[in-house]
Amino acid sequence: MQIYLPIAEISVNIVTLIGMGGLVGFMSGMFGVGGGFLMTPLLIFIGIPPAVAVATEANQIVASSVSGGLAYWRRRAVDVPMGLILMAGGIAGSYAGVQLFKLLRQIGQVDLLISMSYVVFLTIIGGLMLRESLQAISASRRGQPIRARRPGQHSWILGLPLRMRFRQSKLYISVIPPILIGFFVGMMSAIMGVGGGFIMVPAMIYLLRMPTNVVIGTSLFQIIFVTASVTILHAVENQTVDILLALLLMIGGVIGAQFGAIAGQRLRGEQLRALLAIIVLGVGIKLLVDLLTQPEELYSVTRMGFGG
Amino acid sequence: MIGHLTRGGLVLAMLGLFMVLPTAMPTARANPIVADLSKDHISIRSNFVGEQLLLFGALAETPDGPIDDIIVVMRGPDETFTVRKKSKKAGIWVNDAAYAIGPVPGFYALASTGPLADIAPDRALRENGIGEQSLAMEFGRADIPAAERQQAIEGFIRLKQNSALYREQVGAVKIIGERLFRVEINLPSGMPVGDYITEFFAFQKGRLVGYQTGLLPVDIVGTGHVLHKAAYEMPLVYGTSGVIMAVIMGWGVAVLFRRR
C-alpha cells in the first residue's frame, strides 16, 4: 500500500515506512539509544530528500524522547536545573544549526553537510564503541573484572565563572561547559536529525562528571525541548517537516521499541554494544563510500529556491 | 511567434473554446479533430500512486483525405530548475557547477502515432513545441560554453525521464478506423501540481491540419492538501502541531505500556 507524503512529495510504501520505524525502534529499545542516527540515513537511502529526512526525524524523536523520558521522570532521575541549562544551550544551537542548514541548502551543499556530519560522527563513535566492547568481551572471557574507565581531569573547565549548584547531580560547577555542550549537540540535532544522546551522555559523564543515574533521564529531558525546537525551526525556515511521515515512523517506532526492550534483556551487554557498534560503523562507512565513489548520475535537479 | 499563438490559445481554452492554429490551417476549413480526456482534473490524495489518463477523440475526414497522424502533448506548469553537476573535490564527490534552467514544464509527456521524424519535418515540430528537444531550455546565464550547456540539458532531461516526468510514447496513439483515436498517458506519483495543458495535433502528409488544446488542473486534495498548505502558509502553526502530536503520541504510549 502506497502513501503520498505531502512534503517529501513522493509516494512510498506504508509497510516499508512502518517496518523501518519498527526496526529502528526495536534497535533503540534493545540498545537504549534514540535511533535518529540510524533512521535519518535509512530515510535518505529510500529516497526521502535529505532535508526532509532530517527535519522529520527530529519530529519523531520528540515522541520517542517523551515516552522514554517519562519513565525517568517518574523515578526522579532527571536533574531539572542541569536539563534546563543544557536546553538553553541546545535551543541556541538548534537555531544556529537551522540557519546554517538553510544557507547551505540555498547553495546546494546541504546534502554534503548531512553526509559529512554522519560520516565523521558514525565512524568515530562506531569505532570507539567497537573497540571498547571488544575489549570488554575479551576481558570477560579471560574472567577479568571490567575496569571502569577513569574519566580524565577537566576540573579547570568546571571551575570557570558562573558556578551553579546542581543538587541532584551533587555538583557545583560553572554553567559555561553545559551551555557549550548543549549548543554543540543542539546544532548537531538540527543538521543531522538526531537527539544527540550518543554525544550528550558521554559528555555528561566524562566532561561534567554527572552521576550515571541521572544522566540518561536528564539527556532525554533536554532532547524533548531541543528536538521540538529543531522541528519548529525547520518547519518555519525550510518547510521540510513531513508530519505524515513522522506519524508513520512514530507508529512503527513505539511498537518496535517495546519488543526491542524485551529482546535487549535477554542479550549480554557487551555483545549488544559490539553489535550496535558494527551497525553504526556500517552506516558510516556506507555514507563515506557514497561520497568517495563516482555517482552514476553526476547531475541533480531541484526546483528553483529549493535545495533539498 | 507560434509560441505566442499557443499561449493565446491557452486563454481561449480556459474559456472552454477550441482554438485552431491559423498559420497552419486554411482559414475556412473546419477543425478536423475533437478531443477529450477521461478526467477533467487530477486529484492527488494520500493514496495517489500515479494514474493512467485516457485521451481520446474523433477525427473528421478532410478534402485531402483522412488524418494520417496524431501527436498528443501534455505539459505541466512552467518552473525554473536548478541543475547541479557533481565533481571531485579533494577526493569527495560534491555539487559543483549549478545552472538555472527554465522556465520549462515540470512535466512533459508526448504520445504519437509513430516516430516523430515520419510524421512531420523537424521545423514543423519545433515550431509547435513538439518533443523534448523543442523545449526552450533557457539558462539564467549567457556565459556557459555550448558543450557544457548541452550536457546540462541532457542531464536535466535524463533526470526528468528517470522520474517519469518527461516521456515520449512513440506509437502509443491508436487511430481506429480513421475516425477515432485514443491514447493512455501515465501520470507518475511525483507529478508537480498546477494547471496542465493538453495539446492535440492532427497531421496530414506532414502538414498540421488540426489542433485542439485544453487545461487539466492537478491538485493535492484531502489530508495531504491541508498539510501541504499549512506547511507553506502557516509554518509556525504546522511545526507546533507536529510537536504537539509527537508529545501526545509519546505520552500516550508511555501511559499505555506502563499499565500492562
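The values are calculated or read from the model by the stated rules, or taken from the named source; none is laboratory data. Treat the numbers as computed from the prediction; the structure is a model and nothing was measured. Cβ atoms come from the backbone with ideal geometry, glycine included; neighbour counts cover every protein chain shown.
Across the range A:3-27, what is the number of residues that are touching a Phe, Trp or Tyr at 6+ places or on another chain (Cβ under 8 Å) and away from chain B (no Cβ under 14 Å)?
Selection size over the range A:3-27: 1.
Go through the range B:203-226 and count every residue that is at pLDDT 90 or above and within 18 Å of A:Tyr4 (Cβ to Cβ).
2
Looking at the range B:50-95, which of its residues are under 17 Å from B:Tyr166 (Cβ atoms) and aromatic (Phe, Trp, Tyr)?
B:Phe81
Given the condition at pLDDT below 85 and of a type outside the set (Lys, Arg), answer yes or no: does some residue in the range A:21-28 qualify? Full working, then the answer.
Start the filter on the range A:21-28 by keeping residues that are at pLDDT below 85, which leaves A:27-28.
Next, from what is left, pick out any that are of a type outside the set (Lys, Arg): A:27-28.
So far as the range A:21-28 goes, yes, one or more of its residues are at pLDDT below 85 and of a type outside the set (Lys, Arg).
Scanning the range A:188-215 for residues that are in contact with a Phe, Trp or Tyr (Cβ under 9 Å, 6 or more places away or on another chain) and in a helix (DSSP H, G or I), which turns out surrounded by the fewest Cβ atoms within 10 Å (Cβ to Cβ)?
Here the residue is A:Ile199.
Quickly run through the range A:9-30 and pick out the residues that are under 21 Å from the mean Cα position of the chain (by Cα) and surrounded by fewer than 24 Cβ atoms within 10 Å (Cβ to Cβ). Write out each step before concluding.
Narrowing the range A:9-30 to residues under 21 Å from the mean Cα position of the chain (by Cα): A:17-30.
Result: A:Leu17, A:Ile18, A:Gly19, A:Met20, A:Gly22, A:Leu23, A:Phe26, A:Met27, A:Met30.
From the list A:Thr227, A:Thr218, which one is under 18 Å from the mean Cα position of the chain (by Cα), polar (S, T, N, Q), surrounded by 17 or more Cβ atoms within 10 Å (Cβ to Cβ) and closer than 24 Å to A:Val54 by Cβ? Give the steps one after another, and end with the answer.
On the way: A:Thr218 fails: closer than 24 Å to A:Val54 by Cβ.
Exactly one of A:Thr227, A:Thr218 is under 18 Å from the mean Cα position of the chain (by Cα), polar (S, T, N, Q), surrounded by 17 or more Cβ atoms within 10 Å (Cβ to Cβ) and closer than 24 Å to A:Val54 by Cβ, namely A:Thr227.
Among B:Asn95, B:Asn162, which is the only one that is surrounded by 15 or more Cβ atoms within 10 Å (Cβ to Cβ), without any contact (Cβ under 8 Å) to a residue 24 or more places away in the chain and within 13 Å of another protein chain (Cβ to nearest Cβ)? Don't jump to the end; show me each part of the working.
On the way: B:Asn162 fails: surrounded by 15 or more Cβ atoms within 10 Å (Cβ to Cβ).
Selected residue: B:Asn95, the only one of B:Asn95, B:Asn162 that is surrounded by 15 or more Cβ atoms within 10 Å (Cβ to Cβ), without any contact (Cβ under 8 Å) to a residue 24 or more places away in the chain and within 13 Å of another protein chain (Cβ to nearest Cβ).
I'd like to check which strands (runs of 3 or more DSSP E) are fully inside the range B:55-154 and have at least 2 residues that are over 20 Å from the mean Cα position of the chain (by Cα), aromatic (Phe, Trp, Tyr) and over 22 Å from B:Glu184 (Cα atoms).
B:92-105
Look at the range A:31-50 and say how many of its residues are away from chain B (no Cβ under 13 Å), surrounded by 22 or more Cβ atoms within 10 Å (Cβ to Cβ) and in a loop (DSSP other than H, G, I, E, B).
1
On the given criteria, is B:Arg167 in a strand (DSSP E or B) and not hydroxyl-bearing (Ser, Thr, Tyr)?
On the way: in a strand (DSSP E or B): yes; not hydroxyl-bearing (Ser, Thr, Tyr): yes.
The answer is yes for B:Arg167.
Out of all the residues in the range B:98-124, which are of a type outside the set (A, V, I, L, M, F, W, C) and within 8 Å of chain A (Cβ to nearest Cβ)? It would help to see each step written out before you state the result.
Filtering the range B:98-124 for residues of a type outside the set (A, V, I, L, M, F, W, C) gives B:99, B:102-103, B:105-106, B:108, B:112-115, B:118, B:121-123.
B:Gly102, B:Gly106 - these are the residues of the range B:98-124 that are of a type outside the set (A, V, I, L, M, F, W, C) and within 8 Å of chain A (Cβ to nearest Cβ).
Matching residues to (1) modelled with pLDDT under 90; (2) within 21 Å of the chain's Cα centre (by Cα); (3) at negative phi:
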{"position": "A:Gly90", "(1), (2), (3)": "no, yes, yes"}
{"position": "A:Gly93", "(1), (2), (3)": "no, yes, yes"}
{"position": "A:Ile107", "(1), (2), (3)": "yes, no, yes"}
{"position": "A:Val119", "(1), (2), (3)": "no, yes, yes"}
{"position": "A:Glu132", "(1), (2), (3)": "yes, yes, yes"}
{"position": "A:Gln135", "(1), (2), (3)": "yes, no, yes"}
{"position": "A:Arg150", "(1), (2), (3)": "yes, no, yes"}
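Could you tell me whether B:Leu215 is in the same structural domain as B:Leu187 (by TED's automatic domain parsing), surrounded by fewer than 17 Cβ atoms within 10 Å (Cβ to Cβ) and touching a helix residue (DSSP H, G or I) at 6+ places or on another chain (Cβ under 9 Å)? Spell out the reasoning first.
Numbers: in the same structural domain as B:Leu187 (by TED's automatic domain parsing): yes; surrounded by fewer than 17 Cβ atoms within 10 Å (Cβ to Cβ): yes; touching a helix residue (DSSP H, G or I) at 6+ places or on another chain (Cβ under 9 Å): yes.
Yes; evaluated as a whole, the condition is true for this residue.
Which residue, of B:Val170, B:Val209, is surrounded by 21 or more Cβ atoms within 10 Å (Cβ to Cβ), at negative phi, away from every other protein chain (no Cβ under 14 Å) and among the aliphatic types (A, V, I, L, M)? Give the derivation first.
Working: B:Val170 fails: surrounded by 21 or more Cβ atoms within 10 Å (Cβ to Cβ).
Just a single option satisfies the conditions, and that option is B:Val209.
Which of the residues spanning the range A:91-141 are part of a helix (DSSP H, G or I), within 14 Å of chain B (Cβ to nearest Cβ) and loosely packed, with under 15 Cβ neighbours inside 10 Å? Reasoning before the result, please.
Quick first cut of the range A:91-141, residues part of a helix (DSSP H, G or I) only: A:91-106, A:110-141.
Right, trim to within 14 Å of chain B (Cβ to nearest Cβ) and you get A:91, A:94-95, A:98, A:102, A:104-106, A:110-120.
The answer is A:Gln106, A:Val120.
With respect to the numbered conditions (1) more than 8 Å from chain B (Cβ to nearest Cβ); (2) at pLDDT 85 or above, which one is the sole condition not fulfilled by A:Leu244?
If we test A:Leu244 against (1) more than 8 Å from chain B (Cβ to nearest Cβ); (2) at pLDDT 85 or above, just (1) comes out false.
Tell me the residue from B:Glu127, B:Glu199, B:Glu148 that is of a type outside the set (A, V, I, L, M) and within 14 Å of chain A (Cβ to nearest Cβ), please. Break it down into steps so the answer makes sense when it comes.
Working: B:Glu127 fails: within 14 Å of chain A (Cβ to nearest Cβ); B:Glu199 fails: within 14 Å of chain A (Cβ to nearest Cβ).
Just a single option satisfies the conditions, and that option is B:Glu148.
Quick check on my filter: what residues within the range A:51-82 are surrounded by fewer than 23 Cβ atoms within 10 Å (Cβ to Cβ), in a helix (DSSP H, G or I) and more than 9 Å from chain B (Cβ to nearest Cβ)?
Listed by number, the residues that qualify are A:Tyr72, A:Trp73, A:Val80, A:Pro81.
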